[in-house]
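Novice: One structure is given below, represented as structure tokens, and several questions about it will come after.
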Amino acid sequence: MTTPDTPPYAPASEAEVSALVRDAAARNRPLSTIGNGTKQHHGPAATGDMTVMTLSRLNQITADEPGDMVVSAQAGARLGDVQRLLAERGQCLPLDPPYENATVGGILATNSSGPRRLGYGTAKDMLLGLRVCGSDGIITRSGGRVVKNVTGYDLHKLHIGAFGSLGVVLEATFKVRPRPEVSAAFVVGCADLAAAHALLLDVWGSALRPVALEALAGGAVAHLRVTLPGLPDSPALAIVGYEGSRLAFERHQRDLDAVFARQQGHVILDGAPAGALWRAFRDGPSRDLVIARLGARPHDLPGLLGDAGAEGIVIQVGNGIARVSLAPTGPSVGATIRAWHQRAASKGGYAVVESAPLNAAARATLPWGFPGAALTAAVKASWDKLGIFNPGRMAI
Amino acid sequence: MKQRATQPALPPPDSQLSDMATASMPAVTGDAAGLLADLPGILPADRLLMSRDDLFAYDCDAQTLDRALPLAVAFPETTAEVSALVKACVRRHIPFVPRGAGTGLSGGAVAVGALAISTARMNQIFELDIPNRQAWVGPGVVNTHLTRAVAKFGLHYAPDPSSQNACTIGGNVAENSGGPHTLKYGVTTNHILGLQAVLADGTVAQMGGVAADAPGYDFTSAFVGSEGTFGIATKVLVRLTPNPEGVKTVLGIFNTVNDACHGVTEILRRGILPAAIELIDQTTLRAVEAYIHAGFPLDAGAVLLVEVDGLHDDLQQQADFVVEACRTANVRDVRLARDDAERAKLWKGRKQAFGALGRLAPNYYTHDGVIPRTKLPEVLAEIERIGQRHDVVIANVFHAGDGNLHPVVLYDEREAGVLDRVRAAGDAILTLVLGVGGALSGEHGIGFEKIGYMDRVFSPDDLAQMRRLRDIFNPLGLCNPGKVIPAPGRCVEPGSTRKLPIGH
Ligand SMILES: Cc1cc2nc3c(=O)[nH]c(=O)nc-3n(C[C@H](O)[C@H](O)[C@H](O)COP(=O)(O)OP(=O)(O)OC[C@H]3O[C@@H](n4cnc5c(N)ncnc54)[C@H](O)[C@@H]3O)c2cc1C
């Protein structure tokens, strides 16, 4: 086997990944793993002099037996390609994270998800098994290809959201679902974010079973209007995503009509227009702004946001997640987010920076995460003894 | 035949352990007398069991092939007490084993010469947060008690093992338990948001919490399913699930198991996701009917119990899809439960199936492999042949929608030579399951019971990586030793049981 000699290396097989890792370990040289590089601005940047390895050539869908309702794909496979294959047989992987070119490995490493996580959960809820290259170049496996499995420890769960700091993810197996008969969204104009938030909390508490509840204001609303000009003209939007049968959709329509009556008009997107809306969400997050993520109990979130004074905001109501965009030029971005964190932490929540432009000043000093507990340091030291995997890429 | 690399510890007196379990148990080398002397300083006497007679009630879980007396049983009420007990064990170098209700089916709670730490008195519900659909509960809370506590708010705790009237949330967390409704709602790990645990050195660790997507490694999800080898969960933050507005239960009656299996694949092909698809074969149906008269037909080869749930608006349509799918699979008769009473009866029949089978034979042994769902017909046919070949009766009652088999081998241990046949049949079943790309266990865990098979599923490297994680949580190996991951080089041919007289 020959190793390409001009970085970034693009291994085309698991064996080549293994060889690169062994080589890096032998030279004690850090290795930065990337998929398609869509989320380089997420998390602190990897630091120091290192070898870059892209997994974009490990992009095969490796196993798919439609009747078993699972799919396996290599880390560099684009989620979009996986979805296209599944769509042909009436199935989908119910994960709708940002960025069109995002790869399976990158999505797992950053624990990315999108609006419909309310209905379907996040990567951890559908990941069944993983193959990973360790810091000794040895490839190990956990989990399997069946939908229920308690054989051995769920090592794969630790790689979710780990920014590649514990190993190189090579191949993942997911459980998939039947594609819904209807995919639709109700978009309601609201006077302000608080009204949208309150309305969606009510929907969350009702008998209805939406797959997404998103409250938006500011730049986030403007962004959606670019692709969907017919949306209500209001400062804030409340969006109820629905997926399921036509009959239950009609029920949602009836119940929601009453709820929406007091608001500033609404539209229903059914089928292709709903697809366009979800794509707009996917392409929405700005690369030019700092995006902070706040997490709290769903009903605590409105009180914690206060007067966020942001460029834009997107709240996943029912999940208790808010993403707030801030101008990177502001002097006190870090201080603002730290203050939110103080407040949120008193209720068990948190606030961190999720992404920031790569050239933002003081990027490295932003609050990306918290020093982990003893377990964090111990698992990192055990699985990546030399510290070669993506050093600095995760705040731990 | 694999060779044992290390001499295993001798089984302690009063124990009956498979060779597998014996081989994987490290020798207990600590100061047992010292620990026994320490215990009364940690807990009052009425929360300790130390006399031989009392200990017999704690010598096994619901998988009775592996038995051993614990050194003592302790009943802490608080995290601090658990921590003090663990620290005492560490000081005396004596192993300890968390224990919930003892309904486990893989020997996970068997404490060989160890202190059993029971969570029976840690059964408080600390906080019900109804608006946010979360609850902090003690590990000893019984699964259905939690659901009952939130029923008046229209919520429930979704994972519903058939043992849910007895098993505890702590045991569910340790085993990552499932149940009939996990087809739609997921297993335990999908419903645990965080936990507090006493780790194997007695320190208290917090994992996860009330807010989603917190940055950092997801230790909560690693802890769930670790079978009591990572520490003792002392508080668990669970997600509560809103009750569906409506439910319909379909009973599909088939002439053969094969037809019923095809019914499962047909249902799943139709683009709906029922809440549950359970298969019950004739042997089990007859046992259930004799026991509780649930209303199952005695002459059916198998039935499918299928539940659809959700908004009222499309329930009938979902049920119609199921009926249609069953028809395509040559169903003999298919009908909807008339009302809640009939529905409850059918489900009672399903949930008590193991109890009913227990009346057919003095002993039974349940396997728990999971197979890709398209393989159901061929695998079930082969299981029947395995029963014939080894001259044992095998009943099947299982989570068919997930492909999670439960072949139940019925036997009478007093019959000479029967254990060998039971084991041979079991070995053949597991070999079959692994051969079609399946998993050893879908919900019952590895424990002692299947540890000898782990090297057929995972490479030495895979197992080494798992051991590295366990050693972080449990560096001295005192927390539930000998379970889940075999010690390196300690392989035994699975199967034989060393039986010593109990209470000699
Ligand atoms: C009739 C019957 C039907 C069953 N049906 C199902 C089913 O449908 N689905 C299913 O998944 N299982 C089923 N089981 C298996 C069993 O009920 C589950 O595994 C259950 O979760 C065990 O809970 P327990 O409280 O009895 O735990 P125990 O048996 O006491 O312990 C099980 C394991 O958990 C560990 N443990 C217990 N508490 C803690 C704690 N607080 N912290 C850390 N570790 C702990 C123990 O050390 C042990 O390894 C069934 C069992 C029976 C007898």
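The values are calculated or read from the model by the stated rules, or taken from the named source; none is laboratory data. Since this is a predicted model, take the numbers as computed values, not measurements. Because the Cβ atoms are built from the backbone with ideal geometry, glycine has one as well, and the counts that use them run over all protein chains shown. The area values use the complete protein model at the heavy-atom level, side chains included, leaving out ligands, DNA and RNA. Shrake-Rupley method; radii C 1.70, N 1.55, O 1.52, S 1.80 Å.
Novice: With both bridge residues required to lie in chain B, what share of the DSSP beta bridges run antiparallel, to the nearest 5%?
Specialist: 90
Novice: I need the semi-axes of the equivalent ellipsoid of the protein assembly as shown: take the C-alpha gyration tensor, multiply each eigenvalue by 5, square-root it, list largest first in whole angstrom.
Specialist: Working from the Cα gyration tensor, I get semi-axes of 43, 34, 27 Å.
Novice: From the phi of every residue in segment A:58-72, what ³J(HN,Hα) in whole Hz does the Karplus formula 6.51 cos²θ - 1.76 cosθ + 1.60 yield, where θ is phi - 60° and glycine or proline is x?
Specialist: Ordered by residue, 3J(HN,Hα) equals 8, 10, 8, 8, 9, 8, 7, 10, x, x, 7, 6, 9, 9, 10 Hz.
Novice: Let me ask something else. Summing +1 for each Lys or Arg and -1 for each Asp or Glu, what net charge is found among the other residues whose Cβ lies under 14 Å from the Cβ of B:Asn258?
Specialist: -3
Novice: If you don't mind, another one. For helix B:315-328, report the angle its Cα long axis makes with the longest principal axis of the Cα atoms of chain B; keep it between 0 and 90° and round to the nearest 10°.
Specialist: With both axes taken from Cα atoms, the answer is about 80 degrees.
Novice: Quick one: grab the alpha carbon gyration tensor of segment A:290-376, order the square roots of its eigenvalues as a ≥ b ≥ c, and give me rounded if a/c is under 1.5, else prolate or oblate depending on whether a/b is larger than b/c.
Specialist: It comes out oblate by the Cα gyration axes.
Novice: May I pose another question? Counting only heavy atoms of protein chains, what accessible area per residue, in Å², does segment B:325-456 have with a probe of 1.4 Å?
Specialist: 37
Novice: Farthest toward the dipole's positive end in chain B, which of B:Tyr411, B:Phe254, B:Gly401, given Cβ charges of +1 (Lys, Arg) and -1 (Asp, Glu) about the Cα centre?
Specialist: Selected residue: B:Tyr411.
Novice: Scan around A:Ser183 for amide H atoms under 5 Å from its own, H built in the peptide plane at 1.01 Å from N, and keep only partners 5 or more places away or cross-chain.
Specialist: A:Gly271
Novice: Also, quick follow-up: Measure out, as a whole number of angstrom, how far apart the alpha-carbon centroids of segment B:362-414 and segment A:331-372 sit.
Specialist: 54
Novice: Using the Cα centre as the reference, give the magnitude of the dipole from point charges on the C-beta atoms of segment B:246-355 (Lys, Arg: +1; Asp, Glu: -1; all else neutral), rounded to the nearest 20 debye.
Specialist: The dipole of segment B:246-355 has a size of about 240 debye.
Novice: Please label the shape of segment B:78-145 as rounded, prolate or oblate, based on the square roots a ≥ b ≥ c of the eigenvalues of the alpha-carbon gyration tensor (a/c under 1.5 means rounded; beyond that, a/b larger than b/c means prolate, else oblate).
Specialist: Taking the square roots of the gyration eigenvalues as a ≥ b ≥ c, segment B:78-145 is oblate.
Novice: How well do other chains shield peptide A:63-69, expressed as the mean number of their Cβ atoms within 10 Å of each residue Cβ?
Specialist: That works out to 5 on average.
Novice: Normalised by the residues of chain A, what does the relative contact order come to in percent, with Cα pairs under 8 Å and at least six apart?
Specialist: Answer for chain A is 19 percent.
Novice: Going down the table (B:Lys348/B:Lys450; A:Lys380/B:Lys184; A:Lys157/B:Lys248), which pairs top 31 Å between alpha carbons?
Specialist: Those over the limit are A:Lys380/B:Lys184; A:Lys157/B:Lys248.
Novice: In segment B:125-242, with Lys and Arg counted as +1 and Asp and Glu as -1 at Cβ, which of these residues, B:Pro161, B:Asn190, B:Val236, has the Cα nearest the positive end of the dipole, that is, farthest along it?
Specialist: The Cα lying farthest towards the positive end belongs to B:Pro161.
Novice: Let me ask another. Apply the Karplus parameterisation 6.51 cos²θ - 1.76 cosθ + 1.60, with θ equal to phi minus 60°, to every residue of segment B:15-29 and state each ³J(HN,Hα) to the nearest whole Hz, in sequence, with x for glycine and proline.
Specialist: 10, 9, 10, 5, 4, 4, 5, 4, 5, 8, 7, x, 5, 8, 10
Novice: Under the rule of at least 5 residues apart or a separate chain, name every residue whose amide H is placed under 5 Å from the amide H of B:Gly108.
Specialist: Long-range HN contacts for B:Gly108: B:Phe448.
Novice: Which whole-number percent of Cα pairs in chain A have a distance greater than 37 Å?
Specialist: Percentage above 37 Å: 23.
Novice: Summarise the accessible area of segment A:182-283 (1.4 Å probe, protein heavy atoms) by the percent that is carbon and sulfur.
Specialist: Of the solvent-accessible surface of segment A:182-283, carbon and sulfur hold 58 percent.
Novice: Here's something else I'd like to know. Heavy atoms only, probe 1.4 Å: what % of the accessible area of segment B:112-181 goes to carbon and sulfur, would you let me know?
Specialist: Ligands and nucleic acids excluded, carbon and sulfur reach 56 percent.
Novice: In Å² (nearest 100), what accessible area is buried between A and B, both sides summed, heavy protein atoms only, 1.4 Å probe?
Specialist: 6000
Novice: Please report the Cα spread of chain B along all three principal axes, rounded to whole Å, starting with the longest.
Specialist: The Cα atoms of chain B stretch 66, 58, 43 Å along the principal axes, largest first.
Novice: Using +1 on the beta carbon of Lys and Arg, -1 on that of Asp and Glu, and nothing else charged, what's the dipole of segment A:301-379 about the Cα centre, debye to 20?
Specialist: 140
Novice: Can you give the accessible area per residue of chain A, in Å², using a 1.4 Å probe?
Specialist: 36
Novice: Kindly express, to the nearest 10 degrees and within the range 0 to 90, the angle between helix B:79-92's C-alpha long axis and the longest C-alpha principal axis of chain B.
Specialist: 50
Novice: Amide H to amide H, which residues 5 or more places from A:Glu65 or on other chains are under 5 Å from it, using H placed in the peptide plane?
Specialist: It is A:Val70, by chain and number.
Novice: Taking segment B:361-449 on its own, what percent of its Cα-Cα pair distances exceed 20 Å?
Specialist: Roughly 28 percent, rounded to a whole number.
Novice: Is segment B:246-355 best put as rounded, prolate or oblate by its Cα gyration tensor, with a ≥ b ≥ c the root eigenvalues, rounded for a/c under 1.5, and otherwise prolate when a/b is larger than b/c, oblate when not?
Specialist: Judged from the Cα gyration tensor, segment B:246-355 comes out oblate (a/c at least 1.5, b/c at or above a/b).
Novice: Still on this model: Normalized C-alpha radius of gyration of segment A:182-283, against 2.2 N^0.38 Å?
Specialist: 0.97
Novice: At a threshold of 8 angstrom on Cα-Cα distance, excluding pairs fewer than six apart, so keeping six or more, what relative contact order does chain B reach in percent?
Specialist: Result for chain B is 19 percent.
Novice: What are the ³J(HN,Hα) couplings of segment A:118-132, residue after residue, when phi is run through the Karplus curve with 6.51, -1.76, 1.60 and θ = phi - 60°? Round to Hz, x for glycine and proline.
Specialist: Taking θ as phi minus 60°, the curve returns 4, x, 10, x, 10, 3, 5, 7, 10, 6, 9, x, 8, 10, 9 Hz for segment A:118-132.
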